[in-house]
Amino acid sequence: MRWVIVVFLFLLYIINYADKAIVGYSAESIMKDLALNYTEWGLVGSSFYWLFSIAGIAGAALTDKIGTKKMLTIMAIVWTICQLGAFAIYSLPLLIFSRVLLGAFEGPYLATAVSHISKWFPPERRAFAMSLVNCGSMGAKLMAPMLIAVIHTYSWRIGFGLLGSLSLIWVVLWLIFGRERPKNNVNYDEPRENLQKVKWTEISKIILSANFIFTTLAFFSAFWVLSWSFVWMPVYLTKIIHLSPMQMGYILSGLGIVTSLGSIAAAVLSDKVLKKTNSHRKSRVFVSGSALILAAICLFLMTVIQSTVAAIILLCFALTLVNTMFAIAPQIAVQLLPERKGLITGVLVGLANLAGIVGPLITGFVVQFAGKNESIGFNYSVMLAAVIVLITNMLFLIFTKPDGQKQNKDQTLINQVAN
């Protein structure tokens with residue numbers, strides 16, 4: 001049954017990812033339809049994340065109370081309403097309202113999925129299971145040619161409506177076949193009745209620790225690149241790399257396959273190192289931090305290499321390496337506060353997703369400021385992303401030592417029991 005759960009979460013992540021990505025696929029059509037400039041488009045891209053972070057934290061905390069199955073159901077229902085509501089959008093304020101609402105109810109998804117996975121898999125298998133769920137990004141990108149064809153053949157509203165219909169179908173099947181936790185006696189998660197044992201002082205101590213702060217910063221950089229790929233990469237591929245819309249769709253499909261397989265490989269490596277060394281620093285921090293530093297180098301090279309093929313290959317490597325953080329960073333957070341997996345993951349995702357607010361806006365200003373020389377504007381935005389990824393992940397590698405914090409917590413607990 002646990003693999004059925006993985007399939008359900010994988011399918012929902014396809015919808016989740018496609019809901020974010022379709023706005024990028026539709027960028028030129030929406031900008032033309034609603035007469036938007038680059039700065040206004042940056043505002044649209046940013047609006048998705050205005051409530052994403054705070055809703056992610058609040059929703060994740062609520063997940064610990066009401067259960068993950070119910071929370072996933074509520075989220076998917078609202079996604080359906082938002083996407084089908086595209087048929088009523090004929091102005092910038094309505095588009096922004098729709099994106100804000102969608103972002104608010106997509107915010108808790110990753111934390112909820114991590115919490116749900118933790119009920120079905122032991123610690124040494126969770127990164128692998130979560131990497132399979134994250135492969136939903138591959139499924140969403142494989143849908144890119146179809147969605148782009150629908151957008152250019154019919155309209156962007158039809159494309160949005162198609163995704164709304166898919167999330168509705170998922171809700172119906174989830175209500176029939178979905179499960180909260182295993183029926184047998186295996187319990188990999190903390191029982192819900194024990195949640196009150198964790199005091200806010202303990203939670204705040206974890207959140208203010210160097211381990212959590214630098215993990216959040218590294219995750220922030222990954223979300224910066226992710227938000228750029230959602231909002232700006234399709235425009236970058238068509239206007240700067242000079243691909244046709246359908247060529248762009250096929251490239252995005254290829255990127256989805258490679259990035260997902262790379263993420264699985266990194267997660268498997270991380271899990272194996274954890275099983276062998278029992279060290280979260282070696283298995284989680286070194287694997288993901290090193291991958292993102294290499295991603296920063298790839299992003300830098302994209303701005304100086306003239307070859308179209310080489311630029312696409314470097315973009316593929318960069319996104320693949322960045323994607324490793326999405327399976328691994330939540331595992332570090334869970335290790336820091338295993339008693340409240342949903343809450344701590346929600347705080348991590350919520351804070352890191354602040355990149356989604358500022359990233360698209362800053363990119364829009366940079367591209368707009370470049371005027372007619374759009375190529376320079378986009379290259380500057382890529383270089384800025386590379387700098388952020390490089391600096392935050394160097395700090396992450398140096399200062400994040402989750403094993404030491406866990407040992408300190410265990411020793412404190414031992415002392416309390418002894419006294």
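The values are calculated or read from the model by the stated rules, or taken from the named source; none is laboratory data. Computed from a predicted structure; not experimentally measured. Virtual Cβ from ideal backbone geometry, glycine too; neighbours counted across all protein chains shown.
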Expected single match for modelled with pLDDT under 85, surrounded by 22 or more Cβ atoms within 10 Å (Cβ to Cβ) and of a type outside the set (Val, Ile, Thr) among Ala104, Ala113, Ala127 is Ala127
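Here is a yes/no grid of residues against (1) aromatic (Phe, Trp, Tyr); (2) buried (at least 23 other Cβ atoms within 10 Å of the Cβ); (3) closer than 30 Å to Arg181 by Cα:
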| residue | (1), (2), (3) |
| --- | --- |
| Trp3 | yes, no, yes |
| Asn16 | no, yes, yes |
| Ile22 | no, yes, no |
| Ala35 | no, no, no |
| Thr39 | no, no, no |
| Gly42 | no, yes, no |
Residue selected from segment 373-393 under the condition among the small types (Gly, Ala, Ser) and under 12 Å from Ile297 (Cα atoms), by the criterion surrounded by the most Cβ atoms within 10 Å (Cβ to Cβ): Ala385
Of the residues Ser263, Ser204, Ser227, only one is in a helix (DSSP H, G or I) and without any contact (Cβ under 8 Å) to a residue 12 or more places away in the chain; which? Ser204
Selection from segment 1-57 of residues without any contact (Cβ under 8 Å) to a residue 40 or more places away in the chain and either within 24 Å of Ala88 (Cα to Cα) or not aliphatic (A, V, I, L, M) (or both) yields Trp3, Met31, Lys32, Ala35
Is it the case that segment 94-109 has a residue that's more than 20 Å from the chain's Cα centre (by Cα) and part of a loop (DSSP other than H, G, I, E, B)? no
Filtered residues of segment 297-329 (kept if over 17 Å from the mean Cα position of the chain (by Cα), modelled with pLDDT under 90 and assigned to a helix (DSSP H, G or I)): Thr308
Expected single match for in a helix (DSSP H, G or I), modelled with pLDDT under 90 and within 22 Å of the chain's Cα centre (by Cα) among Val287, Val268 is Val268
Among the residues of segment 49-71, are any modelled with pLDDT of 90 or more and within 18 Å of Leu166 (Cβ to Cβ)? no
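Is it fair to say Val285 is crowded, with 17+ Cβ neighbours inside 10 Å and touching a residue at least 60 places away in the same chain (Cβ under 8 Å)?
In short, yes.
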Scan segment 164-172 and tell me whether some residue there is surrounded by fewer than 18 Cβ atoms within 10 Å (Cβ to Cβ), assigned to a helix (DSSP H, G or I), at negative phi and among the polar types (S, T, N, Q). yes
Phe378: modelled with pLDDT of 95 or more and under 24 Å from the mean Cα position of the chain (by Cα), yes or no? no
